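Just below is one structure, and these are the notes that go with it.
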Amino acid sequence: MPPTPFKPEGYTSVAPYLLVNGAASTVDFLVAVFDAEHLRIVPGEDGRLRHAEVRIDDTVLMLADAVENWEPCPMWTPPTSGRCRLAP
């Protein structure tokens with residue numbers, strides 16, 4: 001029996017998953033700025049998104065609204081100069 005593929009067809013080997021505050025507005029931004037294609041939207045409670053997927057060129061980006069025990073992941077750049085810092 002051939003091995004089961006570890007990824008869905010059309011997905012890259014590595015797919016970023018972002019936990020953010022404001023997932024719906026992040027999806028809107030990705031569509032407006034990068035011409036992202038909606039693949040999947042799973043609504044959650046209180047207008048939040050439980051899961052979303054968009055495709056930008058050949059990459060699928062997955063994201064969801066942060067919730068209790070699943071905090072948003074801040075962006076970090078190493079403090080190598082005065083211009084690099086923890087993003088708000």
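FYI, it's all coordinate maths here, none of it is from the lab. Since the model is a prediction, treat every value here as computed from it, not as a measurement. Don't worry about glycine lacking a Cβ; one is built from the backbone with ideal geometry, like all the others, and counts go over all protein chains shown.
Only one residue of G44, P2, M62 has its Cα farthest out toward the positive end of the dipole of the stretch 1-70, where Lys and Arg carry +1 and Asp and Glu -1 on Cβ, and that residue is P2. With the gyration tensor restricted to C-alpha atoms of the stretch 1-70, the semi-axes of the equivalent ellipsoid amount to 23, 16, 9 Å, longest first.
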